[in-house]
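To start, the structure under review is shown below, and the notes come after it.
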Amino acid sequence: MEEDYELEDSVWKKIMWIAFYAISAGILLGLFTAISSPIKYVCSLVALYIAIKCFKRFSAWGPRISFIVSAIIVYFATALVIAIVIYMRDNPMPAG
């Protein structure tokens with residue numbers, strides 16, 4: 001039995017779910033690019049699972065496009081933060 005989530009969700013609840021899915025997927029994809037061990041593939045698979053759950057929950061085009069765009073923005077923000085942290089770790093500020 002398939003449930004239609006769109007009829008029972010309010011607009012704010014939809015926005016919160018899309019934000020949750022996008023932030024989770026974006027962070028996991030950012031970790032995928034930063035990690036060099038085989039665990040990175042687990043991050044990729046979990047991000048794919050989150051995307052599938054989001055696409056199952058929202059069947060309209062608007063929420064799906066919002067999820068993809070938001071996940072890409074969060075991915076770039078996560079990659080930027082990781083790059084800054086790695087740079088600061090490898091190049092400490094001079095004393096004095």
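The values are calculated or read from the model by the stated rules, or taken from the named source; none is laboratory data. Nothing here was measured: the structure is a model prediction, and the numbers come from that model. Cβ atoms come from the backbone with ideal geometry, glycine included; neighbour counts cover every protein chain shown.
If the requirement is being farther than 22 Å from residue 11 by Cβ, part of a helix (DSSP H, G or I) and either modelled with pLDDT of 95 or more or touching a strand residue (DSSP E or B) at 6+ places or on another chain (Cβ under 8 Å) (or both), which of these qualifies: 50, 72? Don't jump to the end; show me each part of the working.
Working: 50 fails: farther than 22 Å from residue 11 by Cβ.
Being farther than 22 Å from residue 11 by Cβ, part of a helix (DSSP H, G or I) and either modelled with pLDDT of 95 or more or touching a strand residue (DSSP E or B) at 6+ places or on another chain (Cβ under 8 Å) (or both) holds for just one of 50, 72, which is 72.
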Next item on the list: Output the residues belonging to segment 24-77 that are within 10 Å of the chain's Cα centre (by Cα), surrounded by fewer than 20 Cβ atoms within 10 Å (Cβ to Cβ) and among the hydroxyl-bearing types (Ser, Thr, Tyr).
Entry: 24, 70
Notebook entry, point to check: When you scan segment 30-42, how many residues do you find that are part of a helix (DSSP H, G or I) and farther than 17 Å from residue 85 by Cα?
Noted result: 4
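Pick out the one residue from 23, 84, 52 that is of a type in the set (Val, Ile, Thr) and in contact with a helix residue (DSSP H, G or I) (Cβ under 9 Å, 6 or more places away or on another chain). Walk me through it before giving the result.
On the way: 84 fails: in contact with a helix residue (DSSP H, G or I) (Cβ under 9 Å, 6 or more places away or on another chain); 52 fails: in contact with a helix residue (DSSP H, G or I) (Cβ under 9 Å, 6 or more places away or on another chain).
Testing whether each residue is of a type in the set (Val, Ile, Thr) and in contact with a helix residue (DSSP H, G or I) (Cβ under 9 Å, 6 or more places away or on another chain) leaves just 23.
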